[in-house]
1. Out of all the residues in the range 45-56, which are part of a loop (DSSP other than H, G, I, E, B) and among the aromatic types (F, W, Y)?
2. Do you know which residues across the range 57-78 are assigned to a loop (DSSP other than H, G, I, E, B) and more than 21 Å from the chain's Cα centre (by Cα)?
3. Is at least one residue of the range 44-53 closer than 27 Å to E179 by Cα, in contact (Cβ under 8 Å) with a residue 40 or more places away in the chain and among the aromatic types (F, W, Y)?
4. Considering only residues of the range 18-44 that are assigned to a loop (DSSP other than H, G, I, E, B) and at pLDDT 90 or above, which is surrounded by the fewest Cβ atoms within 10 Å (Cβ to Cβ)?
5. Given the criteria on the phi < 0 side of the Ramachandran plot, more than 19 Å from the chain's Cα centre (by Cα) and in a helix (DSSP H, G or I), does D15 qualify?
6. Right, G160: in contact with an Asp or Glu (Cβ under 7 Å, 6 or more places away or on another chain) and either at pLDDT 85 or above or buried (at least 17 other Cβ atoms within 10 Å of the Cβ) (or both) or not?
7. Pairs needed: first member in the range 94-121, more than 22 Å from S11 (Cβ to Cβ); second member anywhere, surrounded by 23 or more Cβ atoms within 10 Å (Cβ to Cβ); C-beta distance under 6 Å; at least 6 residues apart or different chains.
8. Which residue is modelled with the lowest pLDDT, if the candidates are limited to the range 45-75 and must be more than 21 Å from S97 (Cα to Cα) and hydroxyl-bearing (S, T, Y)?
Amino acid sequence: MVRVRAEWFDSILRDRLRIARESVSPIHVISIGSGLDARWLRIATRPANLKFTEVEEPDVLDLKSDMIAESRFGDAWADVEKVALTEPEWPGAASDSKSTIVLLEGVSTRLGGRGLRIVLERLRRQVPTADVLCDVPGFLTNPSGSSLGGTSWEPMSMDGPANIRRTELARLGWRVVEERVLVGRPDLRLTYNATRCPGMEPMRLLHLRAA
């Protein structure tokens, strides 16, 4: 599921980069809380007019830089703008580009519902013309109440990120351009009930734009 989520983020980003390359217009990608992810590297045929910014905890950026510095990817990493900020200070990156994409992959899991709301509020003020891609976890139920699947989306907790509905996104100043739901998988357990492979909760993928 993590790979499917990453491919959804990448596919939208590739489309926007293709448009920027063809129109020779600048594009700014801001990746917040991406950890050790290397999206800045795996984006094929990056246009010369691309600015890529990573916003992350100082310790994480230091570790990432140390790991990459002596590798053959050091030059590509050197082209990435680094913004070292602790989580309460996120997003912390402004953009003057008319074409800006903000990536919040996995951020909802790190910050929870309240933290994600704060980030979305700040983004609406700091980069009002940006497209925002994010994911939020939750679970699905069918009409009988089973958690095995269905069409009803339920939050994991009242303050959880999955409890952010379209009406609240509208209140925060965002409209949903695209929404996908990934169905979760249960734990894989051994005969004596030990977990062999942990499962994953369902996930909403949201493409947001200013309302």
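The values are calculated or read from the model by the stated rules, or taken from the named source; none is laboratory data. Just so it is clear, the model here is predicted, and its values are computed rather than measured. We place every Cβ from the backbone using ideal geometry, glycine too, and count neighbours over all the protein chains shown.
1. Once the filter is applied, which keeps residues that are part of a loop (DSSP other than H, G, I, E, B) and among the aromatic types (F, W, Y), the range 45-56 yields nothing.
2. E70, S71, R72, F73
3. no
4. The first filter runs over the range 18-44 and keeps only residues assigned to a loop (DSSP other than H, G, I, E, B), leaving 24-26, 33-38, 43-44.
If we keep only those that are at pLDDT 90 or above as well, we get 26, 33-38.
Working: P26: 17, G33: 24, S34: 20, G35: 14, L36: 10, D37: 18, A38: 13.
Checking each candidate, the answer is L36.
5. Details: on the phi < 0 side of the Ramachandran plot: yes; more than 19 Å from the chain's Cα centre (by Cα): no; in a helix (DSSP H, G or I): yes.
Answer is no for this residue.
6. Here the answer is no, as G160 does not meet what is asked.
7. Listed pairs, sorted by first residue: R110/G33; G113/P161; L116/S108; L116/P161; V119/W90; V119/P91.
8. The extreme case among them is S71.
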